[in-house]
1. What does the net charge come to around T46 if you take all other residues with beta carbon closer than 14 Å to its beta carbon, with K and R at +1 and D and E at -1?
2. Considering only protein heavy atoms and a 1.4 Å probe, what is the carbon-and-sulfur percentage of the accessible area of region 42-95?
3. Roughly speaking, what is the stretch gain from E54 to E39, that is 0.36 nm per residue apart minus the C-alpha to C-alpha distance, in nm to one decimal?
4. A22: net charge of surrounding residues, Cβ under 11 Å, Lys/Arg +1, Asp/Glu -1, itself excluded?
5. Modelled label-to-label distance, E80 and L92, 7 Å Cα→beta-carbon offset: nm?
6. Ignoring ligands and nucleic acids, what accessible area does D71 show with a 1.4 Å probe (Å², nearest 10)?
7. Sort E83, E32, E100, E54 by heavy-atom solvent-accessible area, probe 1.4 angstrom, most to least.
8. On average, how much accessible surface per residue is there in region 42-106, in Å², for a 1.4 Å probe, leaving out ligands, DNA and RNA?
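The values are calculated or read from the model by the stated rules, or taken from the named source; none is laboratory data. No experiment lies behind these values; they were computed from the predicted model shown. So basically every Cβ, Gly included, is an ideal-geometry build from the backbone, and we count neighbours across all protein chains shown. These area figures cover heavy atoms from the full protein model, side chains too; ligands, DNA and RNA do not enter into them. Shrake-Rupley method; radii C 1.70, N 1.55, O 1.52, S 1.80 Å.
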Amino acid sequence: VVLGVINTAALANAQSKHYLQAVNLASSAMDELIAELAEDRTFPYTFPAGENKEQLGDYVKTLQLEWDTVDLLLVTVRLEWLEQGEVRDYYLESLFYVQEEDEAGV
């Protein structure tokens with residue numbers, strides 16, 4: 001019985017660790033994207049179309065930018081990892097308002 005409890009606790013700890021790491025990676029990636037969007041107004045138009053995947057250790061990070069409306073950009077960060085033979089994932093999404101510059105460049 002004691003070994004079963006220890007095994008269950010170890011599995012729960014590993015799951016928590018994976019989710020916490022995924023949250024941290026997704027938050028960091030979202031912060032970087034938002035900073036880039038705020039700094040460079042042409043970024044949404046120059047970002048490669050479709051999903052952009054990158055391997056980060058045990059995780060696969062997928063970034064996607066798509067227009068929700070004419071001036072709202074849906075930014076999605078997805079992290080996937082393999083845990084006990086099953087694929088787990090964590091999504092982080094945000095809408096970013098993209099204001100067009102006027103003729104004066106403001």
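1. -2
2. Here it works out to 50 percent.
3. 3.1 nm
4. Here the charged neighbours net out to 0.
5. 1.9 nm
6. Roll a 1.4 Å probe over it and D71 shows about 60 Å².
7. E100, E32, E54, E83
8. On the way: 4380 Å² over 65 residues.
Accessible surface, normalised per residue, equals 67 Å².
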